[in-house]
Each structure stands twice: as C-alpha cells, then as structure tokens.
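Read through the structure below, which is laid out as structure tokens, and then see the notes.
The values are calculated or read from the model by the stated rules, or taken from the named source; none is laboratory data. Being a predicted model, the structure only gives us computed values, none of them experimental. Using ideal geometry, Cβ is built from the backbone for each residue, glycine included, and neighbour counts are taken over all protein chains shown.
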Amino acid sequence: MNSQWETVIGLEIHAQLATKSKIFSGASTAYGAEPNTQACAVDLGLPGVLPVLNEEAVRMAVVFGMAVEAHIAPYSVFARKNYFYPDLPKGYQISQMELPIVGIGHLDIDVDGVNKRIGITRAHLEEDAGKSLHGSFHGLTGIDLNRAGTPLLEIVSEPEMSSAKEAVAYMRKMHELVRYLGICDGNMQEGSFRCDANVSVRPKGQKEFGTRAEIKNINSFRFVEKAINHEVERQIELIESGGKVVQETRLYDSDKDETRSMRSKEEANDYRYFPDPDLLPVLIDEDFKAQIKAQLPELPQAKKQRFKDDYALDEENATLLTSSRQLADYFETVVKESGCVAKICANWVTGDLLAALNKAGLEITDSPVSHERLAGLLKRISDDTISGKIAKQVFEELWQGTATADQIIEAKGLKQITDTGAIEAIIDKIIADNLDQVEQYRSGKDKVFGFFVGQVMKEMQGKANPGEVNKMLKDKLK
Amino acid sequence: MYNKTIAELAKGLRSGEFSSVELTSAFLDRIKQHRSLNAYITVTEDLALQQAKAADLRLATGEAELLTGIPMAQKDIFCTEGVKTSCGSKMLDNFIAPYNATVVAKFNDAGAVMLGKLNMDEFAMGSSNETSYYGSVKNPWDTHTVPGGSSGGSAAAVAARLAVCATGTDTGGSIRQPAALCGITGLKPTYGRVSRYGMIAYASSLDQGGPMTRSAEDSAIMLQTMAGFDDKDSTSVDLPVPDYRAGLSNSLEGLKIGLPKEFFGEGLNSDVAATIEAAIDECRKLGATVTEISMPSLKLAIPAYYVIAPAECSANLSRFDGVRFGYRCENPADLTDLYTRSRGEGFGKEVKRRILMGTYALSAGYYDAYYIKAQKIRRLISEDFKRALSEVDVMMGPVTPSTAFGIGEKIGNPIEMYLSDIYTIAINLAGVPAMSVPAGFAKGLPVGLQIIGNYFAEDKLLNIAHQYQQVTDWHLRIPKGFE
C-alpha cells in the first residue's frame with residue numbers, strides 16, 4: 001500500500017444474541033423455518049400490539065459489557081429509529097440511541113505478535129429487521145419476517161484500526177469472545193455475526209480524519225479484509241487523481257470484489273430517534289451486575305495465560321487451545337481424565353485430533369473421538385502400555401468411533417513388550433546378525449545406534465518399550 | 001329495560017325477569033331503529049346473540065359475574081378477534097383483527113355481550129367525531145350537534161341507550177369530553193391502570209382506556225373488569241386493583257376540593273360556568289370544603305400536547321404502509337408509490353396533519369426546540385398536579401368550555417377544535433385519573449363536571465361521583481326521542 005497514506009477503520013459489529021425468543025415477543029428465534037412461520041402478531045407489527053423486553057437479552061448485553069470491561073449503564077433507554085422499509089414492520093426499529101446499555105470498553109487484539117488495544121465506544125440492544133426476498137415472486141418482492149425482532153447487540157468500536165488486517169483481527173477476536181460468552185452462535189453464514197466498516201484515509205501524520213465511507217453488511221472475515229482493502233485503494237486513487245471522498249454508504253459486492261455507492265449523506269435518512277413510549281427504561285443495579293459477574297465464564301485472554309502458567313504450554317498451543325471455549329474445555333477434560341502430562345495432551349489435541357477434524361471439516365463439538373476416549377488412549381501412553389508410535393495407530397482406529405483405546409489395543413495385540421527377557425533375546429540376535437555395524441559403533445560412530453533401535457523395533461513390530469530397548473542396547477554394545 | 005343500570009340488569013337476569021338473549025335482542029332492535037345516529041361502525045348481531053346464549057347458560061349455573069349477559073359495545077379502537085377493527089379509518093376498513101385486545105378478552109371472560117364496534121374519530125384524532133371515515137356521529141340531545149370525540153360513538157350510544165355501557169379511550173380528553181357533551185359518566189383511569197394491549201395506539205404515553213356509562217356505579221363495575229396489570233403491556237402498572245364498588249357509599253364529609261382558577265377564566269361559557277358552580281355547591285352540601293388553587297403550567301398543556309401526541313403518532317402510524325394489512329392503493333408502480341398512495345389515500349386530513357406535525361417536531365434540528373421542550377413542560381405539569389393534589393383531595397372544574405357545538409362548526413378550524421380540550425389535556429400529560437359526571441344542562445345541552453384525582457385514586461373519584469349522583473338526577477335524564 002502507498003506509504004504516504006494512513007488508513008483509519010472503525011467497525012460496527014452486529015451480533016445476534018442467542019436467546020430462545022425474540023427481543024420484544026415470545027416468537028422463536030430459530031433459523032431456517034418456513035417464511036413467516038416464526039413471526040407473531042408483535043413481530044408483524046399488527047395494530048395494537050406492544051413490545052415486552054426479553055430479560056435474557058439484557059443479561060447477555062451486560063455479560064458482554066463486563067467481558068470488555070465496559071461501563072454498564074444503570075439507566076438505558078430504548079428509542080424508535082424511524083424509516084420505511086417493507087421488511088421493517090412497524091416503520092421504526094426499536095433500538096437504543098442516547099442511552100445505550102453498554103458504554104466505553106475495550107478489546108485487545110494481536111497482530112503479528114504485537115498487542116493493540118481497540119476502544120469500544122458503546123454496545124446497544126436493538127431488534128433485527130426481516131428479510132426482503134427477490135425473485136420467484138413475478139416481479140414482486142417477498143417479505144419474510146421470521147428474523148424480525150431477533151435481538152441484536154450492535155458493538156461500535158472507536159476508529160482505532162489502521163489496516164484491514166487489524167480489522168480482521170478485531171472481528172475475529174470479537175467473534176471468539178461472543179461465542180465464549182455463549183451470547184451469540186457466531187454463525188456468519190446465517191448472518192448471526194456481521195459487520196459494517198467505516199473506512200477513511202488521511203495523509204500520514206495528519207491529525208484530522210479523512211471523509212469516511214461506510215461499507216455495509218459484510219458477513220465474513222475474508223470479505224472484511226477484501227472490502228476494506230478495496231475501499232482504501234479506491235479512496236487513495238480518488239484523492240491522488242484530484243477527486244474527493246464523499247461521505248456515503250457503500251455496499252460490498254463479494255462477487256465482483258468491489259464496493260458501490262448505496263446512498264450519499266444528503267440522501268441519508270433522518271431517523272427521528274425518540275424514546276419509545278411503549279417500553280420502560282432499563283434499570284440495572286449493582287446486585288444484578290454482581291450476579292452476572294459471578295457467572296461470567298473465564299475469558300479467552302485469562303484462560304490462555306492460565307494454560308501457559310498451569311500447564312506449561314507454549315504460546316502457540318495456548319493460543320490454539322483457547323481459540324474456542326469448547327476446545328479449551330475438551331483439552332482440560334482430557335488432561336484431567338488421562339492424568340497425562342499436559343504438554344502431551346496439548347500435542348495430541350492440537351496435533352492429531354485437530355488435523356483429523358480439519359480434514360473432515362468438523363468442529364470439536366462434533367469430534368468422533370470423545371474426550372473420554374482420547375484420555376483413554378493417552379493413559380496407555382503414560383503407563384507405557386503402548387508407545388507414542390503405536391498410539392497414532394490406535395488413534396486412527398479411535399476415529400472410527402466404535403471402540404475404546406483399550407479395546408483396540410487388546411484386539412490388535414498392540415500392547416507394548418516390557419519383558420526384558422524377550423527384548424534381550426531379540427537384541428542378541430540383531431547384534432549377532434550385524435557385526436559390521438557393531439564394529440562401527442564401537443569405533444565411535446554413534447549414529448549407528450539408531451540403526452539398532454530400528455532393527456529391534458521392526459523385529460518386535462514396534463511393540464517394544466523404547467526406553468527399555470535403548471537402555472539394554474547401550475549395555476550390550478559397550 | 002334500556003334505562004336500567006348494570007346492577008339492576010344483573011338482578012333481572014338472575015331473577016328470570018328477562019334473559020340475556022331477550023335483553024340483547026332488544027338492544028339490537030334499538031340500534032337498528034336509531035341507525036341515523038351513526039354510533040356504530042359494525043353491529044355484531046350474530047356474535048352478540050351467541051354470546052347472550054352462552055351468558056344465559058352461565059347465569060343458570062350460578063357462576064356468572066356482574067357483567068355476564070350485559071349488552072355493551074367496544075370503541076372500534078380495540079382489536080376484536082374475527083371482527084372488523086377500523087379505528088374509524090379507511091386505512092383499516094378491511095382489517096379483521098386476528099386477536100383480542102386485553103380489555104376485550106377481559107369482558108369476554110366476564111361473559112359480557114358485545115353488540116358491536118363504536119364510531120370514533122379516525123385513529124382517535126379529533127374532538128367531534130367528524131374525522132371518522134364512517135361519517136359524523138350525531139349527539140342524541142340535539143342531532144345537529146356533535147357528540148364530542150374521539151369516543152363520540154361510545155358516548156352517543158350510551159346516552160341514546162343503544163348499549164348499557166361502552167369502552168372509550170382518552171388521550172387528551174377523548175372519554176371525558178364526549179361524556180360531557182352527551183350527558184353520561186366517563187372515567188379516564190390513571191395511565192397504566194388499564195392495559196393498552198390491542199388498543200390501537202395514537203399517542204402511547206397518553207392513551208388510556210376507560211369506562212363510559214350512565215352512572216358512577218356502572219363505571220366502577222366496568223373498571224373492575226378493565227383494570228389490572230398485563231404482562232403484554234410494559235407500561236401497565238403492577239398494583240393491586242381495589243374493589244371499586246366498596247367505597248361508593250363513603251361520605252364526602254371533610255373532602256377537600258381544589259378549584260384551579262385557570263379552569264374558570266376567559267373562554268369558559270358563562271352558562272357552563274354557572275352549572276359547574278352549582279354542582280360544586282352540591283358537593284359542599286355533601287360535606288366537602290372548597291378552595292381555589294392555581295396551576296400555572298396549565299396554559300402550556302395544549303402546545304405541549306400538540307408536540308408530544310403527534311410525535312408519537314407519527315411513529316405509531318408508520319406501520320400502516322399498505323404492505324401487510326389495511327388499505328393498499330391500486331397497482332402501485334414501485335415501493336415509493338405503494339407507500340405514498342396507500343397512506344395518502346388511506347388516511348384522512350386530520351391524521352395526516354398530526355403525522356406531519358409530529359414528523360416535523362422530531363426532525364433533526366427541531367427535536368430539541370419542540371420534542372425536548374414539550375417533555376420539559378410535561379414534567380412541569382406533572383409537578384403542578386402532584387403539588388396541588390398533596391394539598392387537596394381532588395380538583396374540580398368543567399370538562400369543556402362550552403356545550404356540544406354544531407356539526408361542521410369547528411372542523412374547518414383545527415386550532416379552535418383543539419381548544420375544546422383545554423381542560424382535559426393536562427390530565428393526560430400528568431397521567432392522573434379524571435372523570436366527567438353529568439352536572440346539568442345549559443340551553444338544553446348537557447354539561448359535564450370534571451373531577452380530577454391523584455394517581456390510582458379512581459376509587460375516590462367514583463365515590464364522589466356516586467355520592468353526587470345520589471343527590472342529583474342529571475345522569476338519569478334521557479334525550480328526547482330515546483325514552
């Protein structure tokens with residue numbers, strides 16, 4: 001990128017809260033139902049209906065606020081945001097404007113090993129709109145109001161990111177956090193987690209912000225990066241060729257990899273926000289906050305540090321294992337159940353297991369190898385029943401999901417041989433058959449030692465205890 | 001039979017003097033006979049007879065309530081499942097509500113019989129019933145005059161004995177003003193006392209449903225059924241509902257009445273003033289003491305109201321967009337055309353005027369000067385009421401500056417029309433309860449006495465009104481031609 005320019009990015013993330021029912025009605029929030037089957041009278045905005053706030057949505061917003069160490073407003077107010085659109089049943093969206101539930105907080109991100117703190121301006125509760133469906137309606141537009149009224153937490157960052165990379169890191173970190181907290185399923189394909197990006201450029205060293213464009217509705221990490229990079233290039237080219245960036249809303253077209261203007265500032269709606277007289281102010285007292293604080297799960301950052309401290313894991317493994325709460329829980333259960341050294345458990349989980357899951361395109365929650373079974377396998381490594389090498393063979397069998405490690409070891413006769421008599425007999429035979437190599441070893445060629453180990457293991461089909469083999473070979477070859 | 005109170009009718013239904021079906025049929029006949037009053041938008045004859053039959057069965061089991069089998073009617077602002085709910089507008093002329101308002105459900109549970117849906121100003125915006133898509137309602141006392149509004153159909157129906165009692169709603173006087181002009185008893189409860197769920201919103205922070213009856217006792221019986229917390233309405237208040245009939249006979253000895261001098265100044269018709277003064281004298285005779293008080297913020301009520309109510313209505317009425325229900329224009333060319341023509345053709349003039357005023361008041365650059373300022377005034381008014389009601393038990397004054405005016409007389413002059421609510425609007429801004437009680441006649445037309453009480457003091461208002469009605473017979477007068 002042109003080094004004379006500096007990029008300024010702020011993100012608005014919309015996270016659908018994982019409540020069972022909608023924010024202002026009792027209708028289900030489940031995704032994928034037949035159009036308009038999950039829209040009740042309130043969601044349809046029928047004459048006379050009234051919203052009633054879902055307390056669970058409030059709880060989740062407070063959980064989020066605490067996780068980003070934000071100010072939780074003791075008094076917040078729902079407001080009506082007025083605009084006409086066919087998928088907005090009431091002609092206004094119930095949102096929060098002047099008094100949001102979550103105030104100033106922050107989130108730490110990590111880009112290329114460097115930590116950066118990104119400010120969070122606010123987070124507020126609002127209802128989602130429905131969906132307009134185009135096509136197959138004979139030139140008309142279909143409206144599906146199943147999504148109407150789904151609770152959203154809109155998380156607004158400070159304009160403190162200076163590259164698409166940072167924006168992606170922030171979005172990923174936020175994605176990880178909301179899933180950790182159990183307040184959002186994070187499903188980006190279903191639109192549960194999406195963002196708008198405010199992008200501007202300015203000459204390096206300039207204090208004032210450049211004119212920004214808002215890119216709407218980006219629903220993947222890849223698109224965030226592409227959309228921002230594209231927009232930055234567009235703005236720089238525009239300015240360098242003597243043009244001016246205009247404040248406007250742009251839409252990212254992932255098919256064409258470009259952004260295009262949706263509406264300019266002049267065309268922007270005057271939303272005429274005012275407090276919604278149908279809803280009482282939301283009051284949050286210290287007791288409620290204390291209650292939530294007590295139930296707050298361990299956050300990714302703290303968990304990672306604990307994994308490093310308690311399990312002596314390196315940065316890479318600790319980061320990987322705490323990337324999701326489910327994975328971290330899986331790992332910790334394996335450690336506990338197997339009684340194995342944590343580092344070995346970590347290597348198994350991040351190595352063989354994650355590789356197999358990735359290959360199969362599965363999440364840890366869908367793993368065919370349960371934590372009990374992986375722990376069962378690791379137990380047999382630590383008590384020397386099998387070697388690490390045999391264990392890999394057993395793991396492949398475990399993946400089929402039909403038997404425990406013990407059953408597999410038993411059935412396939414994979415039990416490690418620690419009977420020194422049996423090992424000794426084989427060693428004697430190998431030494432007798434390879435006198436040349438014995439000579440080489442004794443004349444100082446240490447490398448040949450590995451040859452003997454290999455031969456013994458081969459003869460014993462890998463089942464000999466490698467420690468025992470080493471020790472005895474060393475004695476015999478003296 | 002038409003002149004009996006709810007309690008008397010309940011007795012008759014139990015003694016076998018008449019059945020609910022007979023009673024209901026008689027009222028249905030009367031409604032047909034007096035079609036020209038235009039009090040009803042919809043008469044639900046079949047449903048009423050069905051409900052009456054069910055009520056008779058229930059009465060026979062001995063498990064009936066006071067309202068079981070009583071023929072009443074709903075203002076057409078309350079959603080009634082399976083029945084057209086028009087809100088007096090072309091916009092909802094085709095709208096069959098798929099659910100019952102909480103108030104309607106409560107009357108159904110009590111076994112009341114619904115005769116039909118009553119005419120009203122379009123979306124409750126009006127003080128004369130002339131903004132209704134279904135045409136003006138005529139005042140039974142003089143069919144050339146208006147019944148008041150917006151609950152004009154309710155007031156006319158009750159006065160003309162076309163229903164035993166009716167529901168109304170009051171945003172700036174819409175129960176009390178028509179009750180006064182038609183000579184009936186009407187109560188606007190404390191904001192939050194009656195659920196607004198299913199009551200089509202005009203100005204959500206001011207709207208409140210209430211009873212419109214011939215006597216205070218009937219109002220007490222109706223309110224007993226209507227009042228109470230509703231988990232479907234966040235603004236309904238979770239306080240126990242007292243037995244409203246229990247205190248009706250309490251003496252008024254020692255009652256402190258305050259008369260806000262602002263209610264008796266310029267603009268008040270002298271005949272109305274004399275009638276009100278006579279009514280207050282009657283209260284003195286019942287043992288009350290009367291003092292003059294001052295409510296300096298009252299003069300700000302109308303301007304504040306005409307910012308707040310339109311602002312809320314401008315958003316409340318956005319859902320009428322021709323997309324999901326209600327009126328849709330023919331062959332819309334595109335989305336904007338669909339919106340503009342559906343709303344342009346579906347809404348009447350007064351509704352459009354208020355949507356425009358409200359939209360303006362909320363617009364960027366005007367919000368602070370209008371909406372915020374109006375909210376501050378509202379707070380001042382509330383403080384004034386709280387202060388005054390800590391010094392006196394209730395306030396009294398006229399409901400309206402004059403008696404019923406002629407049909408067509410004020411409709412061309414909105415400001416003059418708005419001023420007919422000058423004594424009622426502040427009460428909605430403060431949220432306190434108030435009643436209109438028949439207090440006599442001026443040149444042959446009814447005059448209403450307004451009694452204003454403290455928050456949740458409906459029982460006190462009903463007690464005073466009932467005591468007053470024990471020593472007066474204004475509420476028993478029947479308009480000529482409706483005996």
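Working only within the range B:167-190, note down all residues that are closer than 25 Å to A:Ala41 by Cβ and either more than 13 Å from every other protein chain (Cβ to nearest Cβ) or surrounded by fewer than 24 Cβ atoms within 10 Å (Cβ to Cβ) (or both).
Within the range B:167-190, B:Thr167, B:Gly168, B:Asp170, B:Ser174, B:Pro189 qualify.
Quick one: is A:Lys429 of a type outside the set (Asp, Glu) and more than 35 Å from the chain's Cα centre (by Cα)?
Numbers: of a type outside the set (Asp, Glu): yes; more than 35 Å from the chain's Cα centre (by Cα): yes.
For A:Lys429, the condition - of a type outside the set (Asp, Glu) and more than 35 Å from the chain's Cα centre (by Cα) - is met.
Provide a single number: the residues in the range B:9-42 that are closer than 26 Å to B:Ala179 by Cβ and surrounded by fewer than 19 Cβ atoms within 10 Å (Cβ to Cβ).
8
So which helices (runs of 4 or more DSSP H) stay within the range B:8-117 end to end and still have 3 or more residues that are more than 14 Å from chain A (Cβ to nearest Cβ) and touching a strand residue (DSSP E or B) at 6+ places or on another chain (Cβ under 7 Å)?
Filter on the range B:8-117 gives B:20-33, B:45-61.
Would the range A:191-200 turn up any residue that is surrounded by fewer than 16 Cβ atoms within 10 Å (Cβ to Cβ), among the acidic types (Asp, Glu) and away from chain B (no Cβ under 14 Å)? Outline the logic, then answer.
Step one: of the range A:191-200, the residues surrounded by fewer than 16 Cβ atoms within 10 Å (Cβ to Cβ) are none.
Looking for residues that are surrounded by fewer than 16 Cβ atoms within 10 Å (Cβ to Cβ), among the acidic types (Asp, Glu) and away from chain B (no Cβ under 14 Å), one finds none in the range A:191-200, hence no.
Against the condition in contact with a helix residue (DSSP H, G or I) (Cβ under 9 Å, 6 or more places away or on another chain) and part of a loop (DSSP other than H, G, I, E, B), how does B:Ala156 come out, does it pass?
Taking the combined requirement at face value, the residue does not satisfy it.
Which condition number does A:Leu50 fail, the rest of (1) within 14 Å of chain B (Cβ to nearest Cβ); (2) part of a loop (DSSP other than H, G, I, E, B); (3) modelled with pLDDT under 95 being met?
Of the numbered conditions (1) within 14 Å of chain B (Cβ to nearest Cβ); (2) part of a loop (DSSP other than H, G, I, E, B); (3) modelled with pLDDT under 95, the odd one out for A:Leu50 is (3).
Enumerate the strands (runs of 3 or more DSSP E) found wholly within the range A:77-135, keeping only those where 3 or more residues are within 14 Å of chain B (Cβ to nearest Cβ), at pLDDT below 95 and in contact with a Ser or Thr (Cβ under 8 Å, 6 or more places away or on another chain).
Output list reads A:131-134.
Hey, could you check the range A:1-34 for residues that are assigned to a loop (DSSP other than H, G, I, E, B) and hydrophobic (A, V, I, L, M, F, W, C) and say which is modelled with the lowest pLDDT?
A:Met1
Filter the range B:10-66 down to residues that are among the aromatic types (Phe, Trp, Tyr) and either farther than 28 Å from B:Gly481 by Cβ or out of contact with any Leu (no Cβ under 7 Å at 6 or more places or on another chain) (or both), then give me how many there are. Break it down into steps so the answer makes sense when it comes.
Applying the first criterion (among the aromatic types (Phe, Trp, Tyr)) to the range B:10-66 yields B:18, B:27, B:40.
Retained after the next criterion (residues that are either farther than 28 Å from B:Gly481 by Cβ or out of contact with any Leu (no Cβ under 7 Å at 6 or more places or on another chain) (or both)): B:18.
Result for the range B:10-66: 1.
If you scan the range B:320-371, which residues turn out to be within 27 Å of the chain's Cα centre (by Cα) and more than 12 Å from every other protein chain (Cβ to nearest Cβ)?
B:Tyr327, B:Gly346, B:Phe347, B:Gly348, B:Lys349, B:Glu350, B:Val351, B:Lys352, B:Arg353, B:Arg354, B:Leu356, B:Met357, listed by residue number.
Is it the case that some residue within the range B:285-299 is within 25 Å of A:Arg80 (Cβ to Cβ) and modelled with pLDDT of 95 or more? Steps first, please.
Filtering the range B:285-299 down to residues within 25 Å of A:Arg80 (Cβ to Cβ) leaves none.
Within the range B:285-299, none of the residues are within 25 Å of A:Arg80 (Cβ to Cβ) and modelled with pLDDT of 95 or more.
List the helices (runs of 4 or more DSSP H) that sit entirely inside the range A:355-442 and contain at least 3 residues that are assigned by TED's automatic domain parsing to the domain that holds A:Lys463 and modelled with pLDDT of 85 or more.
Values: elements: A:371-382, A:388-399, A:405-412, A:420-433, A:435-442.
Hits in the range A:355-442: A:420-433, A:435-442.
If you take the residues of the range A:60-83 that are buried (at least 18 other Cβ atoms within 10 Å of the Cβ) and not aliphatic (A, V, I, L, M), which of them is nearest to A:Thr141 (Cα to Cα)?
A:Asn82
Could you tell me which residue of the range B:205-231 is farthest from the chain's Cα centre (by Cα), considering only residues that are within 14 Å of chain A (Cβ to nearest Cβ) and crowded, with 21+ Cβ neighbours inside 10 Å?
B:Asp230
Considering only the range A:442-478, how many residues are under 23 Å from A:Arg380 (Cβ atoms) and of a type in the set (Asp, Glu)?
Matching residues across the range A:442-478 total 2.
Yes/no per residue for (1) in contact with a Lys or Arg (Cβ under 9 Å, 6 or more places away or on another chain); (2) farther than 26 Å from B:Ile355 by Cβ:
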| position | (1), (2) |
| --- | --- |
| B:Pro71 | no, yes |
| B:Lys84 | yes, no |
| B:His144 | yes, yes |
| B:Pro147 | yes, no |
| B:Thr167 | yes, no |
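Scan (1) away from chain A (no Cβ under 14 Å); (2) in contact (Cβ under 8 Å) with a residue 40 or more places away in the chain; (3) closer than 23 Å to B:Tyr327 by Cβ; (4) not in a strand (DSSP E or B) for the single condition B:Leu162 breaks and write down its number.
The single condition B:Leu162 does not satisfy is (3).
Going through the range B:249-272 one residue at a time, which ones are in contact (Cβ under 8 Å) with a residue 40 or more places away in the chain, farther than 15 Å from B:Glu292 by Cα and part of a helix (DSSP H, G or I)?
Matches in the range B:249-272: B:Asp271, B:Val272.
Just to verify a result, which residue in the range A:289-300, among those that are assigned to a loop (DSSP other than H, G, I, E, B) and touching a residue at least 12 places away in the same chain (Cβ under 8 Å), is nearest to the other protein chains (Cβ to nearest Cβ)?
Per the stated criteria, the residue is A:Leu296.
State yes or no: is B:Ala364 at pLDDT below 95, closer than 24 Å to B:Ala309 by Cα and either out of contact with any Ser or Thr (no Cβ under 6 Å at 6 or more places or on another chain) or not small (Gly, Ala, Ser) (or both)?
For B:Ala364, the condition - at pLDDT below 95, closer than 24 Å to B:Ala309 by Cα and either out of contact with any Ser or Thr (no Cβ under 6 Å at 6 or more places or on another chain) or not small (Gly, Ala, Ser) (or both) - is met.
Starting from residues that are more than 14 Å from chain B (Cβ to nearest Cβ) and outside any strand (DSSP E or B), keep the ones in the range A:263-288 and report whichever is farthest from B:Ile308 (Cα to Cα).
Going through the qualifying residues, I end up with A:Asp287.
Hey, does the range B:116-123 have a residue that's touching a residue at least 24 places away in the same chain (Cβ under 8 Å), farther than 24 Å from B:Asp29 by Cβ, buried (at least 24 other Cβ atoms within 10 Å of the Cβ) and touching a Leu at 6+ places or on another chain (Cβ under 7 Å)?
To start, the set of residues in the range B:116-123 that are touching a residue at least 24 places away in the same chain (Cβ under 8 Å) comprises B:116-123.
Now restrict to residues that are farther than 24 Å from B:Asp29 by Cβ: B:121-123.
If we keep only those that are buried (at least 24 other Cβ atoms within 10 Å of the Cβ) too, we end up with B:121-123.
Still in the running and touching a Leu at 6+ places or on another chain (Cβ under 7 Å): B:123.
So far as the range B:116-123 goes, yes, one or more of its residues are touching a residue at least 24 places away in the same chain (Cβ under 8 Å), farther than 24 Å from B:Asp29 by Cβ, buried (at least 24 other Cβ atoms within 10 Å of the Cβ) and touching a Leu at 6+ places or on another chain (Cβ under 7 Å).
How many of the residues in the range B:280-319 are more than 22 Å from the chain's Cα centre (by Cα) and more than 14 Å from chain A (Cβ to nearest Cβ)?
Matching residues across the range B:280-319 total 20.
If the Cβ limit is 8 Å and pairs must be 6+ apart or interchain, which residue in the range B:73-91 that is closer than 18 Å to B:Pro211 by Cβ and of a type in the set (Asp, Glu) pairs with which residue that is in a loop (DSSP other than H, G, I, E, B) and at pLDDT 95 or above?
B:Asp76/B:Thr85; B:Asp76/B:Ser86; B:Asp76/B:Cys87; B:Asp76/B:Gly88; B:Asp76/B:Asn119; B:Asp76/B:Met120
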